[in-house]
Amino acid sequence: MSKQESKTLYQALWNSADILRSKMDAADYKDYLLGLVFYKYLSDRMLYSAADLLEQPAHSLKEAQAIYEEAFKDGELRDDLISELKYMYSYALEPGLTFTSLVDKIHMGQFQLEDLAQGFRNIEQSSELFVNLFEDIDLYSKRLGTTPQKQNKTISEVMVELDSLDIAHEGDALGDAYEYLIGQFASDSGKKAGEFYTPQAVSTLMTQIVLSGKEDKRGFSVYDAAMGSGSLLLNVQKFSNEPGTINYFGQELKTSTYNLARMNMILHGVDVANQHLHNSDTLDADWPTEEPTNFDAVLMNPPYSAKWTADKGFLDDPRFAPYGVLAPKSKADFAFLLHGYYHLKDTGVMAIVLPHGVLFRGAAEGKIRKILLEHGAIDTVIGLPANIFFNTSIPTTVIVLKKNRKNRDVFFIDASKDFEKGKNQNVLTNDAIDNILQTYLARENVDKYAQLATFDEITENDFNLNIPRYVDTFEEEEPISLKHVATELTAVQKDIAEAHQVLATFLDDLVATTDDAKDELDAFKSILTRGGDNHDK
Amino acid sequence: MTSNHLAPVIRFKGFTDAWEQRKLGDITKKIGSGKTPKGGNSTYLDVGIPLIRSQNIFGNRLDFTDIAYISKDTDNEMKNSRVNENDVLLNITGASIGRSAVYREKFTANVNQHVCIIRPEKHYSSNFIQLNLSSYKGQKEVELNQAGGGREGLNFKQISKMSFYYPNYNEQTKIGNFFKQLDGTIALHQRELDLLKEQKKGFLQKMFPKKDEVVPEIRFAGFTDAWEQRKVSDITLFHKQGYYTKEEYSDTKKYYLLRGTELTSNSLRLDDTPKINATEKDYEDFRVKKNDFLIVRSGTVGTYSIIYEDIPAIFGSYLINFRFNLSIVTNEFFGYFYQSELFKSQLLKIVQQSSNININAENIKSTLIMLPSIEEQTKIGNFFKQLDDTIALHQCELEKLQEMKKAFLQKMFV
């Protein structure tokens, strides 16, 4: 897709967001908008395929709709078509429930919300893949309008706006546009909607790290145990040379976000057989427990310093047992990390984003860190700039973990100053990402930027991984020439003396018209002469 | 306003005429502003015609450091907002609303929509108008004229209605020159203060040994021994993190609560210090004592203060209290070490990034210090103390001069 096209696509999406923006928070309206975009995608894709199957390729949705409607009139043809479509997509919408026909009804003033709801239900019931996918979209919500008429009107407006999009023909582009919207929502609403989104730049960096050297691997498997909208997982698709063979494993706590990830997968053309998504609490029972349980890559951007139960029973959980202690109740960071690490293949690579605290906090976290380091699990620590995430301004770090390393050294990269200032956020530029990646791959010291620390050094530092301890970025102060300063001081003091004299002549020329003012004027005069005397010395 | 107010209480000799009230609109050839060229920031060039924006205008001073440039063509399109020498420029929107300056350059410039050009008629002095705008009365007018909530700024109509009292042109010029001299003097004092601070920095560089050296470049006569490297933990007798309280502050309560704010500029100031109550035990545990060394552990990391007398004060949770072995190190010397590059290069390694930067006592104790004899430390401490005092006095003098300008603005205008 050319840049121009994507701009229009983004623009149309954003315009439809405008319709809902006045009514509710981004965190809420994203469900409607993304849901409707997704429904349109399913509907359009099906219409075009139907026309193709009928060997009457359509050039517009209108044409396709007409062909589809026509075919439905013939009972035999209809049954064949439906079974063919179901085979391809596992769903087939009746002609009256396609997005195109619903928009027609809107224009004729005959649209019923119930039709759309029926369409949603039909899709949801058609396959396990779609179960409950639209459950967050309450078409009868009071937020859309106080009366059924108003609710109908709001949804209609959004659908009409989306109607102009030709999304079936831009599979990838739509997926990207979807991501764009998710990103926009995140930046639009800050904390609330941002928690499910990792900025593209960070995703790109982490993905390239875990994939490096395995770009050609078929059947590459990747796991994100806090997947949010699935954008981290889907990034692997962009950098793999065998994108169709990737197996995605993801877990997400929030149902609406989990549904978002499912839609995201479908929009990115991920085959049903390759999606393994799970809606559950990662810090509760382990998942996945059935083969495969270990993966080529683990990518995670978990919620920072989340609370968890830290229940004593977890000490027997194989994920946490080897460390003898649990991540503190108020900071689940290491619980997420250990969960992910547990699911990493011996040959795999894991990259996780966490706040800096995990690098230096003591107590239980210190003990876990020590054991990880003793096992050589921590391969690289990358310090990212502050304020690059939508929901928090704190500086973060990407920790790269591996199993079965021969060495116990740790490579440190301090990229905290590699950013461009954006409007609200700092931006990690492509150059900065490239630089980090190249440095990571070379694993060689770079002055003031990257340093390989031996295990002995780590031990000497009490297993504290605070980046500045290893990467010295101290810039020496400019040497000051005291002689130069002295010369300038002398000159300034001379100028001051002269200035005071000139001022004094001005003051001599002033007259006060009241006694009070005269007193003050005299006082000022004495200040200046005194000041002048001082500087004459 | 009564007639006897029509001349200021202080004025130059030889002028006796009454001042006359005039609206800006009646004594100016032009009141207007420019626009942001199409395309905004991206159209700005590295060279060309300067485009003055609100961030370039300070109190009667134009700062060209981050000036934007536009092309000749753009300037031509905006020829109505070209700036001439002696135009008064006034910020009319945003946070810097009301800031003004006289344009004193010979070369032409342009302005965007946030800066208003006020071009006086003959017999009206730009400097005089600018002074009126920057006076208390002028600022008050700006404030009053802001339509609704302060965000909307001033429009040209409001500006043209602003009225001030004017003497004849000669007297305007004389007053203008006087304040120019005053501003110049203040700027010189500011420069002197900056140089003194620079001088102290220079001495800090040269009077502590550089990395891997055992003697400094400059030291007091009679001292020749090598300095000894010690770990800060070796010279620390005691340290404690401050008292955490959620108690409400009240002036009638018993104890001062010392926070980072009290330690600004490395000396203890109790001007706005809140007061709290505490149990006797907490007070005993957390009171400051003479010779305590307080450091800020979060936020303004690197700041400290020495306690010179017993005061009824508790040190708060953002501070750490150190007591050093005063037979090996003087508090003053430790303080200047704490300001030196020798420490700062280590500080960077021990601060911990979070939403705020942090250091803890263990981190500080892990740093290395270079120590000369107590006698030499005392001399060094006294020397820097003297430099600090000088800087403080000059700071004070500068503030007084600024006050003086304010007073003259009040008394030399109507």
Can you tell me, using C-alpha contacts under 8 Å and at least 6 residues apart, the relative contact order of chain A as a whole percent? 10 percent
Rank B:LYS197, B:LYS30, B:LYS157 by mean-square fluctuation in a GNM of chain B with C-alpha springs under 10 angstrom and give only the top-ranked residue. B:LYS157
Average beta carbon contacts from partner chains per residue of A:499-512, 10 Å cutoff: 5
For the stretch B:282-414, the spread of Cα positions along each principal axis, largest first, Å: 63, 39, 34
Sorted by Cβ neighbour density within 10 Å, fewest at the top, the residues B:ILE57, B:ILE118: B:ILE57, B:ILE118
Under 15 Å from the Cα of B:LYS290, which aspartates and glutamates turn up, not counting those fewer than eight places away in the same chain? B:GLU309, B:ASP310, B:GLU332
Cross-link partners among aspartates and glutamates for A:LYS23, C-alpha distance below 16 Å, same-chain residues fewer than 8 apart left out? A:ASP31, A:ASP138, A:GLU157, A:ASP188
Once the cut-off is 39 Å, how many percent of the Cα-Cα pairs in the protein assembly as shown end up in the long-distance tail? 62 percent
Using Cα positions and a limit of under 15 Å, work out the aspartates and glutamates in reach of B:LYS106, with same-chain residues fewer than 8 apart set aside. B:GLU85, B:ASP87
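Over all pairs of distinct alpha carbons, what does the Kirkwood formula give as the hydrodynamic radius of the stretch A:84-128, in Å?
In the stretch A:84-128 this quantity evaluates to 11.0 Å.
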Alpha-carbon centroid distance for the pair the stretch A:443-478 / the stretch A:17-82, whole angstrom: 57 Å
Most packed first (mean Cβ within 10 Å per residue), the peptides A:329-342, A:361-374 order as A:329-342, A:361-374
Partner shielding of B:184-194, as the mean number of partner chain Cβ atoms within 10 Å, equals 5
B:ALA392-A:LEU315 FRET efficiency (beta carbon distance; Förster radius 56 Å; 0.05 resolution): 0.40
What does the convex hull of the Cα atoms of the stretch A:54-145 come to per residue, in Å³, rounded to a whole number? 116 Å³
For B:TYR69, other-chain or 5+-apart residues with amide H closer than 5 Å (H placed, Pro excluded) are B:LEU45, B:LEU51
In µm²/s, what is D for the stretch B:153-293 at 4 °C and 1.567 mPa s, where D = kT/(6 pi eta Rh) by Stokes-Einstein and Rh is the Kirkwood radius from Cα pairs? 57 µm²/s
Can you tell me the alpha carbon radius of gyration of chain B divided by the globular rule-of-thumb value 2.2 N^0.38 Å? 1.31
Go ahead and collect, in residue order, the members of the stretch B:156-171 whose backbone nitrogen is under 20 Å from a label point 7 Å along the Cα-Cβ direction of B:LYS30. B:156-162
Where both partners of a DSSP beta bridge lie in the protein assembly as shown, what percent of those bridges are antiparallel, to the nearest 5? 70 percent
Mind checking the angle between helix A:363-374 and chain A's longest principal axis? C-alpha axes, 0 to 90 degrees, to the nearest 10. 70 degrees
Simple Cβ-charge dipole of the protein assembly as shown, Lys/Arg +1 and Asp/Glu -1, about Cα centre, in debye nearest 20: 3180 debye
Listing B:ARG99, B:ARG82, A:ARG405 by rising number of other beta-carbon atoms within 10 angstrom, fewest first, gives A:ARG405, B:ARG82, B:ARG99
State which entries of B:LYS23/B:LYS405; B:LYS201/B:LYS344; B:LYS30/B:LYS161; A:LYS331/A:LYS370; B:LYS140/B:LYS411; B:LYS23/B:LYS140 exceed 19 angstrom in Cα-Cα distance in the structure shown. B:LYS23/B:LYS405
Beyond a 28 Å Cα-Cα separation, which of these cross-linked pairs lie in this structure: B:LYS29/B:LYS72; B:LYS349/B:LYS379; A:LYS312/A:LYS403; B:LYS13/B:LYS400; B:LYS231/B:LYS281? B:LYS349/B:LYS379; B:LYS231/B:LYS281
Going by how many other beta carbons lie within 10 Å of each one, how would you line up B:VAL214, B:VAL142, A:VAL511, fewest first? B:VAL214, A:VAL511, B:VAL142
Shielding of B:174-183 by partner chains, average beta-carbon count, 10 Å: 2
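Just so you know, all these numbers are worked out from the coordinates, no wet-lab data involved. Note that the coordinates shown come from a computational prediction; the quantities given were computed from them, not determined experimentally. Heads up, the Cβs are rebuilt from the backbone with ideal geometry, glycines too, and the neighbour counts pull from every protein chain shown.
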